[in-house]
Every structure is written in structure tokens, then in C-alpha cells.
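Peer 1: One structure, as C-alpha cells, below. Some questions next.
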Amino acid sequence: MQAFNVARQIVVFTVLCAAFLIFNTAAGLAEDTPSRPDSGLEKLVIDTASGSHEFSVEVMRTGPQRERGLMFRRYLPQDRGMLFDFGIERPIMMWMKNTYLPLDMIFIGRTGKVSGIAQDAEPLSPKIIPSGAPAYGVLEVNAGTAARIDLKIGDRVRHPMFGK
């Protein structure tokens, strides 16, 4: 009888694990699908010494949206990014838990000035990435973007979220 109960527990555990994997795999595949042009992307421009650089960004405005961010995604087009709106200028801490893409994090003050840059954040790392200075928002882009556009602290980010 005891062997039957153990076998039943193993079967239940295996079924639950399989359901968990199927659900998470399906969710991950849905996240990998590139956004359609009409899916709520917003224009953002970064002005650097090398010129103006335009991106289409998803804006994360709610707590659950900011918590999820780019987790589980495996693709981000070069001209895309994710902008996090924290609604108040303060020190910000980010991390890369469950984030498969190497990213640059650009910390931006309320007026739209770049206040910090974290380049090549390590995928899947639980390490905390601090803003260094107070920030109102964070822009995540593919790793190497900050270097490619010659981004510096003090450069300007143009988006309706800033400069109000």
C-alpha cells in the first residue's frame, strides 16, 4: 500500500512539473514574438555627439509591467527597447533575473538627461544594478547600443515621459 502511495505521489508530481513546463514554454514563445508595429510602441530619440538615434519602445508604467520587463524574451530588434516609468525621480535598482538578452541599461532623470549607464548587463544574473544617481526612468536596449551610439552621461533622451 505504501508503495502505491509513493508511486501516486510521483505521478502527481510529474504531471504538475510537466504542466508547469508547458505553461512556461508557451508563455516564453509568446514573448519571443516580435511586436507588431501597431502594438503600442512609442517613439524615443537619444541625442548624442554622434547624432540623433531613434528607437521604438514599449513603456512599462505599472508595477507588474516593470517587474516583468524583458524577462523570458530571447529577441529584441536593434531599433527597439523597453522604457520603465517609475513616476518619481529616485535611486533605482534593476536586475537581470530571468532575462536572457544581454542589455545596456540607460538611467534617465526627470528632465530627460542620462544620469547613469550600465553596459553589457549579464543575462540571468540576480546581481543588483544600481542607477548610481537618481533616475525617473530606465531604458533597456541591446548590449552594445550605448557604445555604438557613443552615449555619455548628460546626453538627452526625448520622449513624452521626460521634461514635464
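Throughout, read-outs are computed from the coordinates displayed, never taken from laboratory work. No experiment lies behind these values; they were computed from the predicted model shown. Note that we place each Cβ from the backbone using ideal geometry, even for glycine, and neighbour counts take in every protein chain shown.
Peer 1: Please verify whether the range 147-155 includes one or more residues that are under 19 Å from VAL45 (Cβ atoms) and assigned to a strand (DSSP E or B). Working first, answer last.
Peer 2: The initial filter retains those residues of the range 147-155 that are under 19 Å from VAL45 (Cβ atoms), namely 147-155.
When the remaining residues are screened for being assigned to a strand (DSSP E or B), the result is none.
Looking through the range 147-155, none of the residues is under 19 Å from VAL45 (Cβ atoms) and assigned to a strand (DSSP E or B).
Peer 1: A further question follows. Among the residues of the range 81-99, how many are surrounded by fewer than 18 Cβ atoms within 10 Å (Cβ to Cβ) and either of a type in the set (S, T, N, Q) or more than 20 Å from ILE153 (Cα to Cα) (or both)?
Peer 2: Going through the range 81-99 one residue at a time, the tally reaches 4.
Peer 1: Identify, please: which residue in the range 45-70 is in a loop (DSSP other than H, G, I, E, B) and hydrophobic (A, V, I, L, M, F, W, C) and is, among those, surrounded by the fewest Cβ atoms within 10 Å (Cβ to Cβ)? Please lay out each step first, then the result.
Peer 2: Step one: list which residues in the range 45-70 are in a loop (DSSP other than H, G, I, E, B), which gives 49-50, 61-62, 69-70.
Going one step further and asking which of them are hydrophobic (A, V, I, L, M, F, W, C), we end up with 49, 70.
Numbers: ALA49: 9, LEU70: 19.
Here the answer is ALA49.
Peer 1: Can you name every residue in the range 84-116 that is free of Cβ contacts under 8 Å to residues at least 40 places away in the same chain, touching an Asp or Glu at 6+ places or on another chain (Cβ under 7 Å) and not in a loop (DSSP other than H, G, I, E, B)?
Peer 2: If the condition is that a residue be free of Cβ contacts under 8 Å to residues at least 40 places away in the same chain, touching an Asp or Glu at 6+ places or on another chain (Cβ under 7 Å) and not in a loop (DSSP other than H, G, I, E, B), then MET105 is the only one that fits.
Peer 1: So, one more: Looking only at residues in the range 100-148 that are β-branched (Val, Ile, Thr) and farther than 22 Å from GLU54 by Cβ, which one is surrounded by the most Cβ atoms within 10 Å (Cβ to Cβ)?
Peer 2: The first filter runs over the range 100-148 and keeps only residues β-branched (Val, Ile, Thr), leaving 106, 108, 111, 114, 117, 128-129, 138, 141, 145.
Narrowing further to those that are farther than 22 Å from GLU54 by Cβ: 128-129.
Values: ILE128: 9, ILE129: 19.
Ranking the qualifying residues of the range 100-148, first place goes to ILE129.
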